[in-house]
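Structure first, commentary second.
Read the figures in this text as sums done on the coordinates, not as results from a lab. Everything numeric here is computed off the predicted structure, so don't read it as measured data. Ideal geometry is used to build each Cβ from the backbone, glycine not excepted, and the neighbour counts take in all protein chains shown.
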Amino acid sequence: MTREAPIPKLETRRHFFGKSATGVGSLALAHLLGKDLAGAAESPAGGGLPGVPHFAPKAKRIIWLFQSGGPSQLETFDPKPGLAKLRGQDLPESVRKGQRLTTMTASQTSFPLVESAFQFSQHGESGASLSELLPHTAKIADDICIVRSMHTEAINHDPAVTFLQTGAQIAGRPSMGAWLSYGLGSESSNLPSFVVMITQGTGGQPLYDRLWGSGFLPTRYQGVKFRSVGDPVLYLSDPAGLTRGQRRNFLDALGKLNRMQFQEYGDPEIVTRISQYEMAFRMQRSVPDLTDLSGEPDPVFDLYGEAARRPGTYAYNCLLARRLAERGVRFIQLYHRGWDQHGGMTTGIRRQAKDTDQASAALVQDLKQRGLLDDTLVVWGGEFGRTVYCQGTLTESEYGRDHHPRCFSIWMAGGGIHPGQTYGATDEFSYNITENPVDIHDLHATMLHLLGVDHTKLTFKFQGRRFRLTDVHGNVVKQLLA
């Protein structure tokens, strides 16, 4: 179930492949490239490791709606009405229990409690409590599973986002999408197995390419970022005056040169280079059709909102995510920034909810009516939550909240998730978890399980150690499964 990381020994490889260029060397390259070895214009879908999935999957793909910055659970999914009577009082030390603070609030002389400015009400047959900020999400209350008991080890953005995306706080590990591409391969021969899209114009914390990188896995497994301006993928268009036939001939000649290099040096990244050139050639046909929304009927835009007509918006990316799912893309990652409300909570989170609520709910509804929700896992959430106490000055009309890793909320839908339930609970301050804690490794293990992957068996040997997405941790949260 594992694949060994190649250990370069250039002299030995050069000698070996020089002696067996038409034998074992060609067979090895053929195994890695499939039809690409012959320079064919088409390549079969698939790939992945033999024996994976390990058991029958519930989901075939994941759409991760990542809300970067840390959405406040107190303003979205974790109502605490009792805080209104405690407004302005200091957070009891018996609740905080000496837990660490960020440098942004550690110097405060008091930690005044503040209730949410927004009302909560129950929705659907499940009776799920959602904020007034999320009227569209409220309509799918019976389709989603709200997890209120998420917690993380990181208290600042970069390590927290890195942890959620890669299973480790320190940069350098493969992203979850890369692990899935490596283990499960692709369902599509004309699109990457892992696609990333970022909402434009929102500001907020920076996002780094390493968050969808392949780490120590071969680079062929990294995410491909779609852009909203110009070519959706960099350098997708041919130079002026170059025909498709000329492009094919150019790639065939370049492939021969690269194969010669591989036979001499045995560098697996040369294999990646050849396969990615071939994928780019196929994407020249598939991507323009993918991103052409002119055939979508008006009711679809009514569902997602008018913003879905504008490339780069969150709504547009959600609609594109549905189209990617239809075409067999394995892992679709959407990033939306700007949830970092250290101050101006009431205006800031209202704007964020307005940008994302309708399209997030529309994606679930759209997938459901097309019969895709059953085998598509949708995940919504950020890297941590927010504090119950106010950061900075508490006024009559405004407040802010600092980072809070001890508890936060996400929701999941489709792909084998038990819908219409709220899982886990927090104390009256939404500060500590009181029931059913779920850590990041548990979340990853559960997501892999839904894809038919045993998280303890999907490993890669690097620098003498077998690594996995969940490191040496993680348990499948069976209560979340349908």
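Against the longest alpha carbon principal axis of the chain, how many degrees, from 0 to 90 and to the nearest 10, is the axis of helix 157-166 turned?
50
At 0.36 nm per residue, and after removing the present C-alpha to C-alpha distance, how many nm does the segment from Glu435 to Asn156 gain when stretched out fully?
98.0 nm
How charged is the neighbourhood of Gly295? Take every other residue with its Cβ under 11 Å from the Cβ of Gly295, and add Lys/Arg as +1 and Asp/Glu as -1.
With Lys, Arg at +1 and Asp, Glu at -1, the net is -2.
Can you tell me the orientation of helix 24-33 relative to the chain, as the angle in degrees between its alpha-carbon axis and the longest Cα principal axis, to the nearest 10?
The angle comes out near 40 degrees.
Just to confirm a number: summing +1 for Lys and Arg and -1 for Asp and Glu over residues other than Ile410 whose beta-carbon lies under 13 angstrom from that of Ile410, what do you get?
Overall, the nearby charge balance is -3.
Rg and Dmax of segment 378-482, Cα atoms, in Å?
Looking at segment 378-482, its Cα Rg and Dmax stand at 17.2, 58 Å.
log10 I(q)/I(0), Debye, Cα-only the chain, no solvent, q = 0.14 Å⁻¹?
Result of the Debye calculation: -1.35.
Could you please tell me the mean projected area of the C-alpha convex hull for segment 309-379, averaged over all directions and given in square nanometres to one decimal?
5.3
Output needed: percent of Cα pairs per 10 Å distance bin for segment 184-245, bins running from 0 to the one holding the longest distance.
17, 40, 32, 11, 1
Over all directions, what mean area does the Cα convex hull of segment 251-315 project, stated in square nanometres?
6.1
Among 218-224, 173-179, 208-214, 295-301, what's the highest-first ranking by average C-beta atoms within 10 angstrom per residue?
173-179, 218-224, 208-214, 295-301
To test your reading of the geometry: what angle, between 0 and 90 degrees and rounded to tens, separates the Cα axis of helix 345-369 from the longest principal axis of the chain?
Here the helix axis deviates by roughly 50 degrees.
Within 10 Å of each candidate Cβ there may be at most 15 other Cβ atoms; applying that plus a DSSP loop requirement, which trypsin sites (Lys or Arg not before Pro) in segment 82-188 survive?
Counting only loop positions with at most 15 other Cβ atoms within 10 Å, the trypsin sites (Lys or Arg not before Pro) in segment 82-188 are Arg87, Lys97, Arg100.
Cβ neighbours within 10 Å, averaged per peptide: list 302-309, 74-81 in order, most packed at the top.
74-81, 302-309
What does the convex hull of the alpha-carbon atoms of segment 96-158 project to on average, in nm²?
Orientation-averaged projected area of the Cα hull: 6.6 nm².
For the chain, what is the mean residue ellipticity at 222 nm derived from helices alone (per DSSP H run of n ≥ 4: -39500 (n - 2.57); sum divided by total residues; nearest 500 deg cm²/dmol)?
Only helices count here, giving -10000 deg cm²/dmol.
Normalized C-alpha radius of gyration of segment 61-213, against 2.2 N^0.38 Å?
1.29
Which value in Å is the Kirkwood Rh of segment 192-305 over different Cα pairs?
For segment 192-305, inverting the mean 1/r across all distinct Cα pairs yields 16.9 Å.
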